[in-house]
There are 2 protein chains.
Amino acid sequence: MLLGIDLGGTNIKAGICDARGRVLASDSIPTEAHRGPADTLRRMAELGRRLAGRRRIGACGVGVPGPLDLARTRIYVAPNLEGWKDVRVPAVLRRLLGVPVVMENDANCAAVGESRAWPPCDGFALYTLGTGVGGGIVLNGELWVGASGAAGELGHMTVDPHGPRCGCGRCGCLEAFASATAVARAAGRPAHEAFRSRDPKSRAAVARAAWALGAGIANLIHVFHPDLVVLAGGMARAGRAILDPVRAEVRRRVFAVQLAKIRIELSRLGDDAGWTGAALWAARKHRPH
Amino acid sequence: MLLGIDLGGTNIKAGICDARGRVLASDSIPTEAHRGPADTLRRMAELGRRLAGRRRIGACGVGVPGPLDLARTRIYVAPNLEGWKDVRVPAVLRRLLGVPVVMENDANCAAVGESRAWPPCDGFALYTLGTGVGGGIVLNGELWVGASGAAGELGHMTVDPHGPRCGCGRCGCLEAFASATAVARAAGRPAHEAFRSRDPKSRAAVARAAWALGAGIANLIHVFHPDLVVLAGGMARAGRAILDPVRAEVRRRVFAVQLAKIRIELSRLGDDAGWTGAALWAARKHRPH
């Protein structure tokens, strides 16, 4: 049995699954990051123990926001976890839980989780469309973190160098067009409302986000052509309202031979992708083959 | 012993190497594509036989321009090989040479060849800067062709959607900024002269090409962060005049954690990358492990 934990800025989701990702139990609690890392980590461990009950846990995976060190021993700093700096999440959890703990970027965990919910393929990419735009890449069944551990930053691909400034300081990142924050700012109302609204500002904001996502995905196809691209996160709940214009934009931007072999779909796992992916990735890292 | 052949629009380069890519013999002849595929293929086989001499050839790899079918049995159409359409290159060469023949895109072959000239790494990307901009990606020592067989089209990443029209019909592809053709057009003189010239038009053309290459490489780093990116092809002969401004642009566009782990270098093999890569890839495909 595996324990997976998804540490978000607002909530902590956790659950128990087996080695194939089948969910046996899951729950969530508020993060309350302002109470400090020690308090939050203690409550994460408590949640994990409660969910495990009498089951024996072989490994724990934890998905966390923000940049990690290459060895995945600490969070340097997390914009959504106020006051967290240089926190050794796996070491603390290992002590509290008494099991091996593997930490990974939250969007990477979601990519691992989501990829297992689809038929196996060589190349898989996930876009998490939330407050920011995250990403994860799974190649030949393995999470791809690249030379720095920071590959899969799909939200920071420049799609238009003349575009709006991104939180990262550069101009025209995909995130600056297609995050819920960017859509809400352009629409003048929350992103989930913008997708339903018929007012011109909302429609323009949604069209711009879909254009940027289509451009980013097309670039991804030119570079490494995954078999499957999945859209996840809060914005993916807009369903066909986001999926259809994104597909149309990709169609305009890739070669016919590429178009014949690309699937773009909505997340199957939703909120469960992150913690199940963390759990499965922990099993993979703990028992390398 | 392996035979490698690089079929270009102007010349055919070929050579004999061993399983580690050591060159034993090499030569080149004019392509004369206008004489038709049958004539050119016959002369390719003659060249191969002459280079092989009494050596026993285990496999032949051939790098060709233009889009290939997924099974690599034919060239659909090649813009630089006038009148070539639906040509079954490997079948014809196999008959003429009596050895297994593996065909692959020329830039992909160059990526395989070039990657073997550097210390092994997980992620490797090659840009071929010539008449067009080609690319190839090697992951964990294996050529990555993606779901369609057409991954690694690094020249068709959009770096500026408001940019000039590319030969592919879309706007702002890297190729539309950074090919020798694009540099020559913007500079009003051949690309190799533009790199040496101090006239403002030439300097602007070179700066624009370097900007676009830097933007494309930065996007590649955000997506899959290779350990090593190599610039090859005619334009790479400009040396530091292209390498330095490209490195500077990448520095401006990626995260510090990524920058610490990226190398951008000039080709070590030059013109030998294509045919040696074809030969090595043939050995790999012919004897899969």
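The values are calculated or read from the model by the stated rules, or taken from the named source; none is laboratory data. Since the model is a prediction, treat every value here as computed from it, not as a measurement. Don't worry about glycine lacking a Cβ; one is built from the backbone with ideal geometry, like all the others, and counts go over all protein chains shown.
Screening B:Cys109, B:Cys60 for residues that are in contact (Cβ under 8 Å) with a residue 60 or more places away in the chain and assigned to a helix (DSSP H, G or I) leaves exactly one candidate, B:Cys109. Applying the criterion of being of a type in the set (D, E, K, R) and more than 11 Å from every other protein chain (Cβ to nearest Cβ) to the residues of segment A:157-192, the residue that is farthest from the chain's Cα centre (by Cα) is A:Arg189. A single member of A:Leu154, A:Leu139 is surrounded by fewer than 24 Cβ atoms within 10 Å (Cβ to Cβ), closer than 22 Å to A:Ile264 by Cβ and touching a strand residue (DSSP E or B) at 6+ places or on another chain (Cβ under 8 Å), and it is A:Leu139. Picking from residues in segment A:113-142 that are of a type in the set (Gly, Ala, Ser) and away from every other protein chain (no Cβ under 12 Å), the one that is nearest to A:Gly277 (Cα to Cα) is A:Gly113. What number of residues within segment B:252-286 are part of a helix (DSSP H, G or I) and in contact (Cβ under 8 Å) with a residue 24 or more places away in the chain? Adding up the residues that qualify gives 18. Here A:Gly83 meets the list (1) crowded, with 22+ Cβ neighbours inside 10 Å; (2) small (Gly, Ala, Ser); (3) assigned to a loop (DSSP other than H, G, I, E, B) almost entirely, failing just condition (1).
Restricting segment B:244-259 to residues that are at the interface with another protein chain (Cβ under 7 Å from one of its Cβ atoms) and at pLDDT below 95 leaves a set whose member that is farthest from A:Val159 (Cα to Cα) is B:Val257. May I ask you to list the residues in segment A:216-239 that are part of a helix (DSSP H, G or I), within 11 Å of chain B (Cβ to nearest Cβ) and either closer than 18 Å to A:Thr131 by Cα or more than 18 Å from the chain's Cα centre (by Cα) (or both)? Matches in segment A:216-239: A:Gly216, A:Ala218, A:Asn219, A:Ile221, A:His222, A:Val223, A:Phe224. Working carefully through the options A:Asp86, A:Asp106, A:Asp69, find the one that is of a type in the set (Asp, Glu) and under 27 Å from A:Ile264 (Cα atoms). On inspection, the qualifying residue turns out to be A:Asp106. Residues being at the interface with another protein chain (Cβ under 10 Å from one of its Cβ atoms), within 21 Å of A:Gly169 (Cβ to Cβ) and buried (at least 22 other Cβ atoms within 10 Å of the Cβ) are represented in segment B:205-215 by at least one member. The residue pairs whose first member lies in segment A:187-202 and is over 14 Å from A:Ala241 (Cβ atoms), whose second member is outside any helix (DSSP H, G or I), and whose beta carbons are closer than 8 Å, counting only pairs six or more residues apart or on different chains, are A:Arg189/A:Ser197; A:Lys201/A:Gly188.
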